[in-house]
There are 4 protein chains.
Amino acid sequence: MAVRAAVAGASGYAGGELLRLLLTHPEVEIGALTGNSNAGQRLGALQPHLLPLADRVLEPTTPEALAGHDVVFLALPHGQSAAVAEQLGPDVLVVDMGADFRLEDAADWEAFYGSPHAGTWPYGLPELPGARGALEGSKRIAVPGCYPTAVSLALFPAYAAHLAEPEAVIVAASGTSGAGKAAKPHLLGSEVMGSMSPYGVGGGHRHTPEMIQNLGAVAGEPVTVSFTPTLAPMPRGILATCSAKARPPVTAESVRAAYEKAFADEPFVHLLPEGQWPATASVYGSNAVQVQVAYDAAAGRIIAISAIDNLAKGTAGGAVQSMNIALGLDETTGLTTIGVAP
Amino acid sequence: MAVRAAVAGASGYAGGELLRLLLTHPEVEIGALTGNSNAGQRLGALQPHLLPLADRVLEPTTPEALAGHDVVFLALPHGQSAAVAEQLGPDVLVVDMGADFRLEDAADWEAFYGSPHAGTWPYGLPELPGARGALEGSKRIAVPGCYPTAVSLALFPAYAAHLAEPEAVIVAASGTSGAGKAAKPHLLGSEVMGSMSPYGVGGGHRHTPEMIQNLGAVAGEPVTVSFTPTLAPMPRGILATCSAKARPPVTAESVRAAYEKAFADEPFVHLLPEGQWPATASVYGSNAVQVQVAYDAAAGRIIAISAIDNLAKGTAGGAVQSMNIALGLDETTGLTTIGVAP
Amino acid sequence: MAVRAAVAGASGYAGGELLRLLLTHPEVEIGALTGNSNAGQRLGALQPHLLPLADRVLEPTTPEALAGHDVVFLALPHGQSAAVAEQLGPDVLVVDMGADFRLEDAADWEAFYGSPHAGTWPYGLPELPGARGALEGSKRIAVPGCYPTAVSLALFPAYAAHLAEPEAVIVAASGTSGAGKAAKPHLLGSEVMGSMSPYGVGGGHRHTPEMIQNLGAVAGEPVTVSFTPTLAPMPRGILATCSAKARPPVTAESVRAAYEKAFADEPFVHLLPEGQWPATASVYGSNAVQVQVAYDAAAGRIIAISAIDNLAKGTAGGAVQSMNIALGLDETTGLTTIGVAP
Amino acid sequence: MAVRAAVAGASGYAGGELLRLLLTHPEVEIGALTGNSNAGQRLGALQPHLLPLADRVLEPTTPEALAGHDVVFLALPHGQSAAVAEQLGPDVLVVDMGADFRLEDAADWEAFYGSPHAGTWPYGLPELPGARGALEGSKRIAVPGCYPTAVSLALFPAYAAHLAEPEAVIVAASGTSGAGKAAKPHLLGSEVMGSMSPYGVGGGHRHTPEMIQNLGAVAGEPVTVSFTPTLAPMPRGILATCSAKARPPVTAESVRAAYEKAFADEPFVHLLPEGQWPATASVYGSNAVQVQVAYDAAAGRIIAISAIDNLAKGTAGGAVQSMNIALGLDETTGLTTIGVAP
């Protein structure tokens, strides 16, 4: 019997990508699609790439619209998920693609988001040690941020194997869809094409505490994170360049062995052969993560680099993967490791 | 029982896109993958987005390698298909993604390609009047060129309904993958990003006689074609802006009615609602064709515009669609109308 | 003695490009810079590429702010120029970069802009026959639209030499800066990168009557124009592909001769050697116009293609060129034919 | 009297950018233009954006062609400059835009370039402490690499003020022109558009020892550098994100004060106001360097970010700036801080 899924916030980039994936998910039937300012509009006008749904009309996001589904995905602005989730009942699987339930530390939440902490839900990054167990059978899932997905997957093997000092330095480039569909001048095509620029420099980006939380849990000790996000002239993709000082004795071989072990059984994380490096184009539209790692003996650092599609594995694909686990489906159902390139 | 398919020329863009589609085709099992200069290399190095095939190694393109398959796709440079096809026997379905067997007129072939004409195979654009019948059960298919696909689908309804004078004017913008993967200076990223430029202006592009052939057959009279291709700063996609003088009496309504009729039962061609226009991003990675048409009363012209993915519907998707028909499968098997956007 | 110039509307793309050019104009001293919603802001925040003006602060657009200048450039939304110009007095050179004073026919204006016609000023496209005379000593200049600049320069030689039928078909691709700096969802980088799409199809674009006006004046008879603009994934540049049926007897030689004659003494229009085609990248940031022309004997059409920088020659560069003429300066002062490439 | 300048290697990106700058340099007259494989071709075909030089023809790079000039710029592949320079005589100013004479340590050269060390010339990064003195009157100049330019300018103030630990971590994104004009498959537009990818990871990039040399000299102690270059989908520009652990006691104020001091009198380096961050688009085509710096107290690191145009300040602009100093001209002659944006 099909899983009936509703999507609250179907007009944005996260909602659109989720629908793209759900349309080909063999166990899911797409139910209500809701929006706020776009309620009443045809999806064909809002998401013109989703031709099979072109004639669907967005409903307002109300408890009535979302009732009667097995799964409800929330692709809402930060701070709005808790109120909606409360109305959905404990038996409905609620998958929050926003930030509201990602952080364990209320003080972190309040410092970075400026509002009361709504709580913590099982964290939807199955590849992290111990994460799958918490997701199995769960009725609530907090989908990770796109940057924390890329960064945590690139670095956790080094910390799990105690190969790295607890001071991570991360510079990540993201496609513009990560900034959402709201029209802002600095996101205009005229501004972003041909340009690279940083933002949220110096520790202020909201994904920083999430990285600290993930890496610290794996390392078993507090990890500091210097995180610099940059905006790249492409619609999709995150390339995360992560490094940390190596803890002696480390060799190129021990580093590679740690990564091979960490990803040996992972269906979506692909440690590239030595000499080949990730490219965001290779994971375009897919749930795959390409990872490569190097040990720079002269600088004494481990450099781990990952490429993901920020909307797919970084948001909607990660959401579907965790939904699969929560529902007891094969984790890879409806997901692919095949990118669209060139 | 699965259809076993070989791909000759698996290292290029057409071959890569075909493999991307065949990987999710439920009736196809991927057999031999061959190349010439790249024989012996891992596909993971050549097509890093096709992770499930990363460890496959290209064989040389020989009769032995291609033997034992139900279908052989040829993604070879122009002029090489005939020799390979001859060795394959009459019971193997041979799908030529090159130009060799598209043109009916030997003189046209020789004038535009400068070599002896190899022959004419059933033409793989199922949406053209009469095309499906010739493809059903056929063991040979000539896949159309990417521009002729976009242009013929945009204009044939106007000619089928005798609404347009037989002088078509076409300006099309193509993503750079249409020019292939061979490294040429004018195709460098540094050259194409931020730039639009025409090429093959004045009637010299090799796809021109193919358009003339298609439109003339539908019109029932010779049609001249002024075709200007331009290179656009994007990896994929063709936007074809096509127009012709309207034949009185024509109205906006009669034009729209002709297009609605032509595409009413087509699974892949989507006539957009009035007021919405095609965008190549909306068909990225999909087999869909977005079409819109307008009647400019002041200029007395019908303007029909189509958007396709040049590698998908324009090459590999069209090849799979025609293969499906030839094999008696549902025409849409393994294909999608869902684009990857933004 | 320096010419003192004010810029009303200094925060947008046209205003920014004008300032970029005026900063290196040897005869101009930059005076007041005004804005509306951005008044009070540092130019460094609004136009971060104009470092020498970073500490200038925008004033509100008032008669007082604009008083005391020799030249006032208006880079205002359509419909606002007349009111400002009236307050400036007859001795001030007013250069309107908006549309308000371009059209001669009041009915055209009203049909396309939906407001009362403000009048007609000397038209700032010096290369058109007779245009320079009207600009010399003038105190009012209407800067042409970006598309009409590209199209008129590509086609007028054919019409001046009576080589073409009076039915022009034009498809032009523009960079996104042509759509301005106001944040609209369809202009987001996520939407435009990787995509080509048309707009204003079927005769509705406001630049259409301007092209009809220019070409008809040269042809000496009414010329219809089928104009399809498309949005290209690049910040700047227009590539205009223009064609018309050839009037017998026409030869490739007679066409080329007409173009050579038309541009022989033009400092900014460069007819490329045969075999070379325009590229928008080649005129990036420059006032140059690259033109090439072909005669397609099979289709019986002349195809003329031009590339300009829409913000430079298409707007601000054209404005400076006409200002130079009006003030009696050398026409090329402060302008360049050197593009920034790659 | 004009300075007569020859350019050896005028067909590549560095040579083209140099010519773009020299064309508007008021003290320079462009003399011989030479090439190797492109000798005999019109510059208009090779550098179509340089219209004033379109009819110049490249000569072979011979001592005869280069004789009789005051300045000879070498834009040659690595390893070829020494042989040419030897033939030019001690009174000719030779400006090498290649790597041959940048490194002081012969062992470094041999380890990274695999050939015998040719020597060390005065280093053309005038903003480094002490650099101007070595350039004044010099007849030999080694132009820095593009990445070392961006990185050294971003970080040297922190090291000069002893605010940072001697372990720098650098991730830089470069436009594709940094990889040159030779056609290689991974540099095709189809490959780079929409993609970010790293290369030379783990200490192998040839610019690494140059950064170590520069930062170590300023710090007065050995500095290790972890350098990861990434290829970004844009033609030009480098964004260098550089960080190092802060040396207590450090405050945001002391960091900013050090940067303000370092750049107070620099004509080309612009420390942005607090809250504004560099963007490569803002320095497109200009010799400006935009720098911003932050202190991340939680991570204990100083993050300094610079944006340059890799072809301008990063190569040809830097060459002209150093030439000006060597010749006793005003350092800013012929150079600009005005970018071409959007």
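Here is how the numbers come out for the structure above:
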item	result
Residue list for region A:1-30, restricted to those being away from chain B (no Cβ under 14 Å) and touching a His at 6+ places or on another chain (Cβ under 8 Å)	A:4, A:5, A:6
Filter result for residue C:256 (under 25 Å from residue C:226 (Cα atoms), among the basic types (Lys, Arg) and in contact with a His (Cβ under 8 Å, 6 or more places away or on another chain))	no
Hey, residue C:63 more than 24 Å from the chain's Cα centre (by Cα) and touching a residue at least 12 places away in the same chain (Cβ under 8 Å) or not	yes
Residues within region D:264-275 that are open to solvent by 10 Å² or more (accessible area, probe 1.4 Å) and out of contact with any Phe, Trp or Tyr (no Cβ under 8 Å at 6 or more places or on another chain), tallied	7
Given (1) in contact with a helix residue (DSSP H, G or I) (Cβ under 9 Å, 6 or more places away or on another chain); (2) open to solvent by less than 70 Å² (accessible area, probe 1.4 Å); (3) closer than 21 Å to residue A:140 by Cβ; (4) not in a helix (DSSP H, G or I), index of the condition residue A:48 fails	(3)
Residues (over 16 Å from residue C:73 (Cβ atoms) and within 16 Å of the chain's Cα centre (by Cα)) located in region C:100-122	C:103
Where residue C:39 falls short, out of the listed (1) touching a strand residue (DSSP E or B) at 6+ places or on another chain (Cβ under 9 Å); (2) under 22 Å from residue A:185 (Cβ atoms); (3) open to solvent by less than 50 Å² (accessible area, probe 1.4 Å); (4) touching a residue at least 24 places away in the same chain (Cβ under 8 Å)	(4)
Among residues of region C:166-182, those that are in a loop (DSSP other than H, G, I, E, B), surrounded by fewer than 24 Cβ atoms within 10 Å (Cβ to Cβ) and within 22 Å of the chain's Cα centre (by Cα), counted	3
Matching residues in region C:285-299 - criterion: being facing chain B (nearest Cβ under 7 Å) and not in a strand (DSSP E or B)	C:298, C:299
Cross-chain or 6+ apart pairs with Cβ under 6 Å, region D:284-309 first and free of Cβ contacts under 8 Å to residues at least 12 places away in the same chain and more than 19 Å from residue D:257 (Cβ to Cβ), then open to solvent by 10 Å² or more (accessible area, probe 1.4 Å) and in a strand (DSSP E or B)	D:299/A:224
Search result, residues across region B:288-342 that are among the small types (Gly, Ala, Ser), in contact with a strand residue (DSSP E or B) (Cβ under 6 Å, 6 or more places away or on another chain) and open to solvent by 10 Å² or more (accessible area, probe 1.4 Å)	B:294, B:299, B:300, B:326
Any chance residue C:335 is aliphatic (A, V, I, L, M), part of a loop (DSSP other than H, G, I, E, B), under 15 Å from the mean Cα position of the chain (by Cα) and more than 10 Å from every other protein chain (Cβ to nearest Cβ)	yes
Matching residues, region B:303-314, being β-branched (Val, Ile, Thr), within 9 Å of chain C (Cβ to nearest Cβ) and touching a helix residue (DSSP H, G or I) at 6+ places or on another chain (Cβ under 7 Å)	B:305
Residues located in region B:220-259, provided they are within 24 Å of residue C:299 (Cα to Cα), open to solvent by 10 Å² or more (accessible area, probe 1.4 Å) and modelled with pLDDT of 95 or more	B:220, B:221, B:222, B:224, B:231, B:245, B:246, B:247, B:250
Selection within region A:221-239 - over 30 Å from residue B:339 (Cβ atoms) and assigned to a loop (DSSP other than H, G, I, E, B)	A:221, A:222, A:223
Yes/no for residue D:255 being outside any loop (DSSP other than H, G, I, E, B) and within 11 Å of another protein chain (Cβ to nearest Cβ)	yes
Some residue of region B:209-220 being part of a loop (DSSP other than H, G, I, E, B) and either within 12 Å of chain C (Cβ to nearest Cβ) or under 25 Å from residue C:197 (Cβ atoms) (or both)	no
Among the residues listed as B:153, B:163, the single one being of a type in the set (A, V, I, L, M, F, W, C), away from chain C (no Cβ under 13 Å), open to solvent by less than 10 Å² (accessible area, probe 1.4 Å) and over 30 Å from residue A:194 (Cβ atoms)	B:153
Conditions (1) within 12 Å of chain D (Cβ to nearest Cβ); (2) farther than 25 Å from residue A:97 by Cβ: number failed by residue A:199	(2)
Residues satisfying the stated conditions in region B:16-27, i.e. open to solvent by 20 Å² or more (accessible area, probe 1.4 Å) and not in a helix (DSSP H, G or I)	B:23, B:24, B:26, B:27
Sole exception among (1) in contact with a Pro (Cβ under 6 Å, 6 or more places away or on another chain); (2) over 16 Å from residue A:304 (Cα atoms); (3) within 13 Å of chain D (Cβ to nearest Cβ) for residue A:277, by number	(2)
Filter pass, residue B:189 being within 14 Å of chain C (Cβ to nearest Cβ) and on the phi < 0 side of the Ramachandran plot	yes
Unique residue being out of contact with any strand residue (DSSP E or B) (no Cβ under 8 Å at 6 or more places or on another chain), more than 7 Å from every other protein chain (Cβ to nearest Cβ) and not in a loop (DSSP other than H, G, I, E, B) when the list is D:261, D:245	D:261
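The values are calculated or read from the model by the stated rules, or taken from the named source; none is laboratory data. Worth saying up front: this structure is predicted, and the values here are computed from it rather than measured. Quick reminder, even Gly has a Cβ in these numbers, built from the backbone with ideal geometry, and neighbours come from all protein chains shown. Calculation scope for accessible area: heavy atoms of the full protein, side chains included, ligands and nucleic acids excluded. Shrake-Rupley method; radii C 1.70, N 1.55, O 1.52, S 1.80 Å.
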